Amino acid sequence: MLNYNSVIKNEINQEIISVKEISPVMKINLRGKKREFLTNIGKNLNMILPTEANTSTTSDKLTAIWLSPDEWMIVSNELVNKDNNKYELYEMLFNSISKTNLGAVVDVTDQFVQLELKGKNIYEIFSAGSPFNFNEFKEKKGSTTQTVLNHIDVILHHKEENVVNLFVRRSFAQHLWDWIEDSGLRL
């Protein structure tokens, strides 16, 4: 049984930005190259994995984020039961992919904290702490990137206009949260 403790205890609600943790949300890392892998994933998820760099695909229940030519992160669009870390989708993918040597399926739910940032100034905050050029990113819904924000590795997913999902490793979440809150106050 999972003993889920949220790292982030509050929300940021400033005039120009709001930030909250979205939890608990299932996150699965997929790796594979074979055609059978892609076919199997498509059938199990009922969606096609994105194959173009820095893109994502979304269905009603899941979002697939491109991480590399043979790696994706699958994120649930819905909250999951806090008292249980058994995910039917993970078990199905593990049995049909990992056990058949088509690829790797790893549950990374507890490894990453998901933050949702909203506001017209989120890209100014990102630009203050990241070398990434956000000009094209902010114009294209569904775009993704892996970058460094305040010296911390993050995955960003452009969910909709002025709304970004940020994934950060649990051990860096509070530090990044404090930096975002401080940066928002300085704008």
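Points worth noting:
- Candidates Lys138, Lys118, Lys61: whichever shows maximal mean-square fluctuation once the chain is modelled as a Gaussian network with Cα springs under 10 Å: Lys61
- In the chain, the longest principal axis of the Cα atoms and the axis of helix 170-186 are about 30 degrees apart.
- Of Ile155, Ile65, Ile16, the one that fluctuates the most in a GNM where the chain has Cα springs shorter than 10 Å: Ile16
- Contact order, relative form, for region 1-146: 33 percent (alpha carbon pairs under 8 Å, 6 or more residues apart, mean separation divided by residue count).
- Solvent-accessible area, 1.4 Å probe, carbon plus sulfur percent, for the chain: 46
- Couplings for region 108-122, taken from phi via the Karplus curve 6.51 cos²θ - 1.76 cosθ + 1.60 with θ = phi - 60°, read 10, 4, 7, 7, 10, 9, 9, 10, 10, 10, 10, x, 6, 9, 4 Hz in order; Gly and Pro are left as x.
- Solvent-accessible area per residue for the chain (1.4 angstrom probe, square angstrom): 54
- Of all the options Lys99, Lys141, Lys159, the one that moves most in a Gaussian network model of the chain with Cα springs shorter than 10 angstrom is Lys99.
The values are calculated or read from the model by the stated rules, or taken from the named source; none is laboratory data. As the structure is a prediction and not an experimental result, all values here were calculated from the model. When the accessible area is computed, the model is the full protein with side chains, heavy atoms only, and any ligands, DNA or RNA have been set aside. Shrake-Rupley method; radii C 1.70, N 1.55, O 1.52, S 1.80 Å.
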